[in-house]
1. Checking Thr101 against (1) within 15 Å of the ligand (Cβ to nearest atom); (2) in contact with a Pro (Cβ under 9 Å, 6 or more places away or on another chain); (3) open to solvent by less than 40 Å² (accessible area, probe 1.4 Å); (4) not hydrophobic (A, V, I, L, M, F, W, C): exactly one of these is not met. Which one?
2. Quick check on my filter: what residues within region 232-272 are in a helix (DSSP H, G or I), farther than 16 Å from Val138 by Cα and among the hydrophobic types (A, V, I, L, M, F, W, C)?
3. Under 7 Å by Cβ, and 6 or more places apart or on different chains, what pairs join a residue from region 257-271 that is basic (Lys, Arg) with one that is not in a strand (DSSP E or B)?
4. Hey, Asn284 hits all of (1) touching a residue at least 40 places away in the same chain (Cβ under 8 Å); (2) more than 10 Å from the ligand (Cβ to nearest atom); (3) under 30 Å from Asp485 (Cβ atoms) but one; which does it fall short on?
5. Could you identify the single residue in Asp182, Asp145 that is more than 25 Å from Phe233 (Cβ to Cβ) and without any contact (Cβ under 8 Å) to a residue 12 or more places away in the chain?
6. Yes or no: region 427-448 includes at least one residue that is crowded, with 24+ Cβ neighbours inside 10 Å and more than 20 Å from the chain's Cα centre (by Cα).
7. Return the pairs, sorted by first residue and then second, in which the second residue is surrounded by 19 or more Cβ atoms within 10 Å (Cβ to Cβ) and of a type outside the set (S, T, N, Q), the first residue lies in region 317-337 and is without any contact (Cβ under 8 Å) to a residue 60 or more places away in the chain, the beta carbons are less than 6 Å apart, and the residues are 6+ apart or on different chains.
8. Any residue in region 33-48 that is at pLDDT 75 or above and either in a loop (DSSP other than H, G, I, E, B) or surrounded by 15 or more Cβ atoms within 10 Å (Cβ to Cβ) (or both)?
Amino acid sequence: MLRNMTPNLTRRHLLGLGALQTAAALGLTRIGPAGPAHAATASASRRTGSADHTPALVIGSGYGAAVTALRLGEAGIPTLVLEMGRLWDTPGPDGKLFCTTGSPDHRSMWFRTRTEAPLAQFLWLDVVNKDISPYPGVLDRVRFDSMSVYVGRGVGGGSLVNGGMAVVPQRAYFSEMLPNVDAAAMYDRYFPLARRMLGVNTVDPVWFESTEWYRFSRVSRKHAANAGLRTVFVPNVYDFGYMQREAAGQAVRSALAGEVIYGNNHGKRSLDRTYLAAALGTGNVTVETLHRARAVRRQPDGTYVVTADRIDTTGKVVATRDIGCTRLFLGAGSLGSTELLLRARDSGALPDLSEHLGTGWGTNGNVMTARANHIWDTVGANQATMPVMGIDDWSNAANPVFAEIAPLPMGFEHWISLYLAITRNPERGTLYYDAATDAARLRWTPAQSRVSVDAARKLFDRINLRNATIYRYDLFGGNKTFADDFTYHPLGGCVLGRATDDHGRVRGAPGVYVTDGALVPGSIGVNPFLTITALAERNIERVLAEDYAR
Ligand code: FAE
C-alpha cells in the first residue's frame, strides 16, 4: 500500500516507491533497484562482483543520508544504504502502518516496554504513556545523564516522526554558526533546492483563519500580539491540500487524527516518498534495513570496512556482516555518526581522527513550556498535529527566541497553550566514547539547560503578564513549568570545519564523509532539517565534482 503521494512525483520517484512498496509487502530487509525479488543480486554488489564490497556505503537514511544516496545514485555510483530501523510500509493488523499517538502499541517506540512520550502527564496523572511490547518502533528516546534525545528510527529517519516544519534560518545567524559556508550559495541555491525536493508548502491563510483545527494557534497568536510579539507562518512538508480534504471528510485523517510522533499514516512527505524514493529510482541505490553499523576500519589499500549487526524484530542479532566500501558516508544523525567515529578513533581503528570529534554538541536551545488560558480562551478539542505558526522574537538581541506554537490534541478542551521554544543557548556539550558500555555518552549539565529555560522564561513571563495567565505545572513531571531535559534537535559532534573540512570530509580518514546534523555546531535558531538537507546538497555536489573526478 502506498501512502498518499506527493503531487509532483517523477517517473524516478514512482520506480523507487514501487520498490519500497514491494519490499515491504514481502517483509524483506533489502530494497533494491531491481525490486526486492531480485534482492540477492541487487546492484551494489552485482556491479562490483563481490557481495561484500560497494563503491559507496551510506549509514542511516535520514536527511543527510537520503540527499547523499540520491546524488550518488544519479551520478551512476552503486550505493548501499544501511538503516538500523525498519521500512515503514507494511500495515499492521489494524490496517495502518503506524499506531496513533492516543493508543500507542509496539510500533511506537524503539524496543521499549512502555512509551516515553515528551509530555509525561496530564493533571499530574500518568495517563499519557502506555505499556507496549518491545519492537523496532519508529521513535527512540536516547537517554543520557541530564539530557535525552528523541530520534526517528526507520527508512526516512527523523522525517517519519517529526512535525514537518521546514524553516530557513535567519541568514545572519546561519553565517555566525557556519562562517566558512558561502551563505549566498546556500540562500540562492541550496535552501530553494532543498525546499523543492522536500515538497515544502504553507497552510492556506484563509483556511487557517476559519478552521477549528488551528484555533489553538490563533489563540496563541492573540496572546503574543497582546505582549507586542510578532508571529509568522511556518512552512511544512505536510500536504496542506490533503489536510483540507481531511477536514472536509474527503480523506482519511492523519494530522487531524492526532498522528505525528509515532508516524503519520497519510499526508506527510517523509523522505521515503521524496529523496529516498528518487534515490531508489536511479537504479543504483539499495537499502538494507534492520542493519546497525557498529565499527569502521581502514584497509591497507585505503578502502574501508564497516561491521554491521543485522537484527530481527525482537532485537536479536541474527547476523554480523563486514561490508567493504571505497567511500563511506555517515548519515546516522548527530548521535549515530559521532558515536561511530568516536568508537573508531578511541578503539584505535581510525587513530588519526580529529581531537574535535564529539565537541560542539547542542540541543538547538530546545525547551518546552505550556500556559493555562482563561476559560473564555478556548483552544479547541480539535487540533491539527502539524504546527504552522511561531512566535518570532529572534531579532531581539537581548533575548532571541523562536517559539513554535505546538498542538496538544487531546480530543477535549483543555485551555492549554503549548510551545517548543528554540533559544540561543551558547552552551555546548561533548560526546565521548565509553569503552565499558561500548557507547557514546554525553557531558551535559542541568546548568547548561537552564540557559535555555531562562531565555524562554523571559519571553513567556512577558506573555503571561500581559494576558494575566500562568504556566501549567502538571505536564512535565516534578511540577516543572519548563521541560528542559529533552531535545528534538540534536546537533553537532562532527562540526563542519573542525572534525571535518568545510565540505564534510572527515579529517584523518580520507574517503569518509559526514552528511547529517552532526555537522551543525549545536544551534541554528530554527527547526533544523531544512538546513541539514541544504548543507548535504552543497557538500555532496562538491564531493562528486572533486573527489570522484580524481
Ligand atoms: P536522522 O534523521 O536522525 O537520521 C539518522 C538515521 O540513521 C536514523 O534513521 C537512524 O535509525 C539511523 N542510524 C543511526 N545510527 C545508525 C547505525 N549505527 N547504523 C545504521 N543506521 C543508523 O539524521 N526538525 C525540523 O526541522 N522540523 C520539525 O518540525 C521537527 N520536528 C521534530 C519532532 C520530533 C518528535 C523529532 C524527534 C525531531 C524533530 N525534528 C524536526 C528534528 C529532525 O527530525 C532532525 O533534525 C533530523 O531528522 C536530523 O536529520 P539527520 O540527517 O541528522
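1. Going through the list (1) within 15 Å of the ligand (Cβ to nearest atom); (2) in contact with a Pro (Cβ under 9 Å, 6 or more places away or on another chain); (3) open to solvent by less than 40 Å² (accessible area, probe 1.4 Å); (4) not hydrophobic (A, V, I, L, M, F, W, C), Thr101 breaks only (3).
2. Within region 232-272, Phe240, Met243, Ala247, Ala255, Leu256, Ala257 meet the criteria.
3. Correct list of pairs: Lys268/Gly164; Lys268/Val237; Arg269/Thr6; Arg269/Leu198; Arg269/Gly199; Arg269/Val237; Arg269/Asp239.
4. (3)
5. Asp182
6. no
7. That search, which allows pairs on different chains as well, returns Val317/Ile311.
8. no
The values are calculated or read from the model by the stated rules, or taken from the named source; none is laboratory data. What you see is a predicted model; the values in this text were computed from it and never measured. Note that each Cβ is placed from the backbone with ideal geometry, even for glycine, and that neighbours are counted across all protein chains shown. Accessible surface areas use protein heavy atoms only, side chains included; no ligands, DNA or RNA. Shrake-Rupley method; radii C 1.70, N 1.55, O 1.52, S 1.80 Å.
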